[in-house]
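Report on the following structure.
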Protein chains: 2
Amino acid sequence: MTQKSGIAAVAETAGVSVSTVSQVLSGNRPVSEATRAKVNAAIAELGYTPHPGARSLRSRRTESIALLVPDITNPFYPLVAVGMQDVLLPAGYLLSILDAGSQSGTGRLLGHVLERRFDGIALHIDGLSDADRARLAESGTRVVALGRDIGIEGSDYVESDDAGGFAKLGEHLLGTGRRRIGFIGGEEESDPSRLRLGGLRQAFAGAGLGYDDAATVFTSFTRDGGRDGIAALYERRTDWDAIVCANDLIAIGAMDELRRRGLSIPADVAVTGYDDIDAAALVHPSLTTVENPAREIGRTAARLLLTRLAGDGDDAPTQHITLSTRLVVRDSTTSPIPQER
Amino acid sequence: MTQKSGIAAVAETAGVSVSTVSQVLSGNRPVSEATRAKVNAAIAELGYTPHPGARSLRSRRTESIALLVPDITNPFYPLVAVGMQDVLLPAGYLLSILDAGSQSGTGRLLGHVLERRFDGIALHIDGLSDADRARLAESGTRVVALGRDIGIEGSDYVESDDAGGFAKLGEHLLGTGRRRIGFIGGEEESDPSRLRLGGLRQAFAGAGLGYDDAATVFTSFTRDGGRDGIAALYERRTDWDAIVCANDLIAIGAMDELRRRGLSIPADVAVTGYDDIDAAALVHPSLTTVENPAREIGRTAARLLLTRLAGDGDDAPTQHITLSTRLVVRDSTTSPIPQER
DNA sequence: ATCCGTTTCCACATCGTTTTGCGTGCATGC
DNA sequence: GCATGCACGCAAAACGATGTGGAAACGGAT
C-alpha cells in the first residue's frame, strides 16, 4: 500500500477528499456536521499535525514572531519577552527569542532571522547599520522597534519615557543637594544613551544650571561598562557627588568599582540606575532607579505587531507609543549610612 | 510577463534551470565555475532568499532548535541559552528560546513547539506529564534534557552534579558547626529538588548524622517560593541555624523573609543557594552558593543535539553527561557580622 | 417531470524547493 | 572515424498544504 502522509492520509482514513480536510481545519468553507466529525476522528486517530512548512509555503505566514535583543542575560529583556508572550500565545503565535550577544552581533543574526520569514520582528537594538536597515525594509517583514525609533518606513515603535525618567532622577539628585553629577552611558551611538543624557540635561536646565559635557562617558550597557565608566570619570576629576548610570547593570558595576576605590555610597557619592531590574532592590545599598515597564513594553509591542498583521494594513499611520516611568528612590541616593533594615 | 519568484526567478535571470540554481545553493552536485558565478550574480541582483517553508517541505529539516524553559526571568536560563547559541549559530542553526512561564505551562507550549517541527528540542522542565512525554516521543523530534533525565527513549541528557554540590554545601555548613539545617526545595515532584536534598542527606550521613524529613519543605523555584518556605519552616520550629535552598532565587527570597522576621544572616542563621547567578554576589550579605555551569550546560546540550542530528544516529547509545560544580563560599554562611567591604 | 437554488464535496492548480534520472556536448583512446 | 567515458545541465516528480471553480445531490416550487 502506498503510505500517504499528512493531510492525504487523514483524507483517506476519513473517506473524504484532501480539500475537505483542509476546509475543516481552516474553517474557510462550511462543512457538514457529519463529515466534520469523521475528519476530526481521523485526525485524532492518526495523531496528525499539519506541516508548517507546507502551510507557510501557501499561506505566506509562519505564525511566529521573533524578538531580537542585544543581550538576553540582561534581566530587562526576559521581562520584555514574557510580556510579548502574554499577548502572542493566546493569538496563536509563537515567540522566538533571539540573542544577538551584543550590539555588534545584530548583523550576523539578522540574516538568519530574515531567512526564517518570521511574520513579525521586534527589535531592541541600537546602532542598526544602514545596510541592515535596508535589508529589513526590503524584506517586507513587519517590524516593531523597542526603546527607540529604528528608522524604517512604516514601522511602529514603543518606548518608555526615558527623558522624563532621567529628568526625575536629575531633579531628585539636585534636590538632595548633589551638583557634581557624572553620567555613564551605554554605547555612544545609541539613541537611548542620548535620550537619557538629554533627560538629565533637562533637569539641570530646569534648575537654572548648565550641564558639563566633560561629565559624561560612554561605555556599554553591562556591569563591566559601569566599572570602566567610573575609571574614566575619575580620571577627569575625583570630586563627583553623584553618578547617573544609563541602566541598572552599569550602576551595579559602578557601585562595585566605587567601593573598590574606598568610596562610600551614598555618603561620598550617590548612584542611580535605570530599569529597576530585580537586582536593583537586592544590591547593597539598594539602588535608586527608574521603573522601566519592561513587561508592558513587550505587551504593547506584541499588540502593535498583531494589529498590523491582522489588518494587512500599511494604510494605518505609524504608531509611536511612549510608556510612562516611575522614580524609585532607594538607599543609594538617600540614607547617609547604609544599614540593614 | 509572468512574474516568477523564488528560485525560478533566479534561474531565469541567470539563464539556467531551476535545478542548477538549487545545485549551486546546496553544493550537492558539482557545478562549473562559470555557471556558478552567473547564478550567484543573479542571486545578488535579485536579493533572493530561499523560502524556509518550501525547503523544509522537501528536506524535512528546519535548521532550527528550540530551548524550552520554565521561567526565562530566572537568570540561570538565559545563560543556558547563550551557551547553546555559542554552538548552534556557527553550525547554521537558529535557536528559539521559548518560555513556558511556569512548570505547568509546559504542556500548553509543547503543542506549539511540536507543530513547528524543530529539528531538536532542549528541555529544562520538571514534571513532564506522561501525555506530554508520549507526544514528544511520538513526534520523533530529537530531544535533549537539561538538568535531569526526561525519560524518553534514546534522548540524551546533561546535568550538573547537583548531589555533589549539595553535599559540599552540607559539609561546609556542618564544618562551621551548624546542625539545625532546614531545606527549601522547589516543586516537590521535581527531580532536581530530590537530587539536591539527596546531596544534603549524603553530607549528614558522611558526618555520621541523620537528616530529619521534617526539616524540608517544597515550594517553587522563585523568590516567592523562598519567602513561603521560610514561613513554612518556622511554623515547625524556630531554632534553625542554617537554611539550604534549592536555588539562588529561593535563597534570596528566604533571606528577605528572614530579615523581615528580625533575624540576622549569618549570625542567627546561615543561608545557601545554588546556581551562582549574578545576584548571588550582589545581595547583602553575599550568598554562599554552588556554581552551576549554565553556559557550559547549554554548550554541551547543543553539541549533543548536533551530533544526533548529523549522524542520523539512533544507533549511538544514550549519552548522559554530568558537569562538575564548585562551592562558592561567601558571607551568608561565614562572616558573623555582615558589613561593607 | 422539470427547473432552480442551496448545500456539500471534490479535482486540480499552486506555493518554492530538492532530488533523481537523463540527455547533451566534448574530449579521449583505439 | 568510431565507440566510450565525463562533466554539466535540465526536466519532472515529489513534498504537504490551500483555495477556487465546478459538479453532484437534494429539496421545494411550479
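Given the criteria within 14 Å of chain A (Cβ to nearest Cβ) and not hydroxyl-bearing (Ser, Thr, Tyr), does B:Gly170 qualify? Steps first, please.
Details: within 14 Å of chain A (Cβ to nearest Cβ): no; not hydroxyl-bearing (Ser, Thr, Tyr): yes.
So B:Gly170 fails the test.
Filter the stretch B:119-136 down to the residues that are within 14 Å of chain A (Cβ to nearest Cβ) and of a type in the set (A, V, I, L, M, F, W, C), then identify the one that is surrounded by the most Cβ atoms within 10 Å (Cβ to Cβ).
At the first step, the residues of the stretch B:119-136 found to be within 14 Å of chain A (Cβ to nearest Cβ) are B:119, B:121-122, B:131-132, B:134-136.
This time we only want the ones that are of a type in the set (A, V, I, L, M, F, W, C), so: B:121-122, B:131, B:134, B:136.
Numbers: B:Ile121: 24, B:Ala122: 31, B:Ala131: 10, B:Ala134: 13, B:Leu136: 21.
If we take residues in the stretch B:119-136 being within 14 Å of chain A (Cβ to nearest Cβ) and of a type in the set (A, V, I, L, M, F, W, C), then B:Ala122 is surrounded by the most Cβ atoms within 10 Å (Cβ to Cβ).
Search the stretch B:97-118 for residues being of a type in the set (D, E, K, R) and over 21 Å from B:Arg295 (Cα atoms), and hand back the single one that is surrounded by the most Cβ atoms within 10 Å (Cβ to Cβ). It would help to see each step written out before you state the result.
First pass over the stretch B:97-118, keeping only residues of a type in the set (D, E, K, R): B:99, B:108, B:115-117.
With the extra rule that they be over 21 Å from B:Arg295 (Cα atoms), the set shrinks to B:108, B:115-117.
Working: B:Arg108: 12, B:Glu115: 16, B:Arg116: 22, B:Arg117: 19.
Per the stated criteria, the residue is B:Arg116.
Under 25 Å from A:Ile72 (Cβ atoms), out of contact with any Lys or Arg (no Cβ under 6 Å at 6 or more places or on another chain) and open to solvent by less than 50 Å² (accessible area, probe 1.4 Å): does that describe A:Gly253? Walk me through how you get there before you give the answer.
Details: under 25 Å from A:Ile72 (Cβ atoms): yes; out of contact with any Lys or Arg (no Cβ under 6 Å at 6 or more places or on another chain): no; open to solvent by less than 50 Å² (accessible area, probe 1.4 Å): yes.
No, not satisfied.
Can you tell me which residue is most open to solvent (accessible area, probe 1.4 Å) among those in the stretch A:48-81 that are within 16 Å of DNA strand C (Cβ to nearest atom) and hydrophobic (A, V, I, L, M, F, W, C)?
A:Leu57
Tell me which of these A:Met1 doesn't satisfy, since it passes every other one: (1) surrounded by fewer than 17 Cβ atoms within 10 Å (Cβ to Cβ); (2) over 39 Å from the mean Cα position of the chain (by Cα); (3) modelled with pLDDT of 90 or more.
The number of the failed condition is (3).
Looking at (1) away from chain B (no Cβ under 12 Å); (2) without any contact (Cβ under 8 Å) to a residue 60 or more places away in the chain; (3) aliphatic (A, V, I, L, M); (4) in a helix (DSSP H, G or I), which is the one condition that is false for A:Val87?
Only one criterion in (1) away from chain B (no Cβ under 12 Å); (2) without any contact (Cβ under 8 Å) to a residue 60 or more places away in the chain; (3) aliphatic (A, V, I, L, M); (4) in a helix (DSSP H, G or I) is unmet by A:Val87, namely (2).
I'm trying to understand the selection: among the residues of the stretch B:81-116, which are closer than 22 Å to A:Met84 by Cβ and of a type in the set (D, E, K, R)?
B:Asp99, B:Arg108, B:Glu115, B:Arg116, listed by residue number.
Taking the stretch B:86-96 as the region of interest, how many residues are open to solvent by 20 Å² or more (accessible area, probe 1.4 Å) and either more than 30 Å from B:Lys4 (Cα to Cα) or more than 16 Å from DNA strand C (Cβ to nearest atom) (or both)?
Total satisfying the criteria: 5.
Could you tell me whether A:Ser32 is under 30 Å from B:Ser5 (Cα atoms), without any contact (Cβ under 8 Å) to a residue 12 or more places away in the chain and surrounded by fewer than 15 Cβ atoms within 10 Å (Cβ to Cβ)? Walk me through it before giving the result.
Numbers: under 30 Å from B:Ser5 (Cα atoms): no; without any contact (Cβ under 8 Å) to a residue 12 or more places away in the chain: yes; surrounded by fewer than 15 Cβ atoms within 10 Å (Cβ to Cβ): yes.
So A:Ser32 does not fit the description; no.
Considering only residues of the stretch B:137-152 that are within 14 Å of chain A (Cβ to nearest Cβ) and not in a helix (DSSP H, G or I), which is most open to solvent (accessible area, probe 1.4 Å)? Lay out the reasoning, then the answer.
Within the stretch B:137-152, the subset within 14 Å of chain A (Cβ to nearest Cβ) is B:137-141.
Narrowing further to those that are not in a helix (DSSP H, G or I): B:140-141.
Details: B:Gly140: 63, B:Thr141: 28 Å².
Per the criteria, the residue is B:Gly140.
B:Leu304 fails exactly one of the following numbered conditions: (1) in contact with a helix residue (DSSP H, G or I) (Cβ under 8 Å, 6 or more places away or on another chain); (2) open to solvent by less than 30 Å² (accessible area, probe 1.4 Å); (3) touching a residue at least 12 places away in the same chain (Cβ under 8 Å). What is the number of that condition?
So the condition that B:Leu304 fails would be (1).
Just to be sure, is B:Asn28 more than 8 Å from DNA strand D (Cβ to nearest atom), assigned to a helix (DSSP H, G or I) and within 41 Å of the chain's Cα centre (by Cα)? Break it down into steps so the answer makes sense when it comes.
Values: more than 8 Å from DNA strand D (Cβ to nearest atom): yes; assigned to a helix (DSSP H, G or I): no; within 41 Å of the chain's Cα centre (by Cα): yes.
No; evaluated as a whole, the condition is false for this residue.
What number goes with the only condition from (1) within 8 Å of chain A (Cβ to nearest Cβ); (2) in a strand (DSSP E or B) that B:Val82 does not pass?
It fails just one condition, (2).
Criterion first (closer than 28 Å to B:Val87 by Cα, without any contact (Cβ under 8 Å) to a residue 40 or more places away in the chain and within 14 Å of chain A (Cβ to nearest Cβ)) does B:Leu25 satisfy it? Walk me through it before giving the result.
On the way: closer than 28 Å to B:Val87 by Cα: yes; without any contact (Cβ under 8 Å) to a residue 40 or more places away in the chain: yes; within 14 Å of chain A (Cβ to nearest Cβ): yes.
It is true that B:Leu25 is closer than 28 Å to B:Val87 by Cα, without any contact (Cβ under 8 Å) to a residue 40 or more places away in the chain and within 14 Å of chain A (Cβ to nearest Cβ).
Residues in the stretch B:43-66 that are more than 16 Å from DNA strand D (Cβ to nearest atom) and of a type in the set (A, V, I, L, M, F, W, C): how many?
Selection size over the stretch B:43-66: 4.
Which count do you get for residues in the stretch B:159-191 that are touching a helix residue (DSSP H, G or I) at 6+ places or on another chain (Cβ under 7 Å), of a type in the set (D, E, K, R) and assigned to a loop (DSSP other than H, G, I, E, B)?
So the count comes out to 1.
Sort out which residues of the stretch A:235-250 are in contact with a strand residue (DSSP E or B) (Cβ under 7 Å, 6 or more places away or on another chain) and among the polar types (S, T, N, Q), and write them in order of number.
If the condition is that a residue be in contact with a strand residue (DSSP E or B) (Cβ under 7 Å, 6 or more places away or on another chain) and among the polar types (S, T, N, Q), then A:Asn247 is the only one that fits.
Between A:Ala37, A:Ala11, which is within 12 Å of DNA strand C (Cβ to nearest atom), in a helix (DSSP H, G or I) and surrounded by 18 or more Cβ atoms within 10 Å (Cβ to Cβ)? Can you show your working first?
Details: A:Ala37 fails: surrounded by 18 or more Cβ atoms within 10 Å (Cβ to Cβ).
Answer to the selection: A:Ala11.
I'd like to verify a number: residues in the stretch A:192-229 that are in a helix (DSSP H, G or I), open to solvent by 20 Å² or more (accessible area, probe 1.4 Å) and over 22 Å from A:Tyr77 (Cβ atoms), how many?
Final tally of qualifying residues: 7.
What is the residue count in the stretch A:36-64 for residues that are at the interface with chain B (Cβ under 7 Å from one of its Cβ atoms) and of a type in the set (Val, Ile, Thr)?
1
Considering the stretch B:256-272 alone, what residues qualify as being open to solvent by less than 10 Å² (accessible area, probe 1.4 Å) and without any contact (Cβ under 8 Å) to a residue 40 or more places away in the chain?
Those that are open to solvent by less than 10 Å² (accessible area, probe 1.4 Å) and without any contact (Cβ under 8 Å) to a residue 40 or more places away in the chain: B:Leu258, B:Val269.
The values are calculated or read from the model by the stated rules, or taken from the named source; none is laboratory data. Computed from a prediction, not measured in an experiment: that's the story for all the values here. Don't worry about glycine lacking a Cβ; one is built from the backbone with ideal geometry, like all the others, and counts go over all protein chains shown. Note: areas computed on protein heavy atoms with side chains; ligands, DNA, RNA excluded. Shrake-Rupley method; radii C 1.70, N 1.55, O 1.52, S 1.80 Å.
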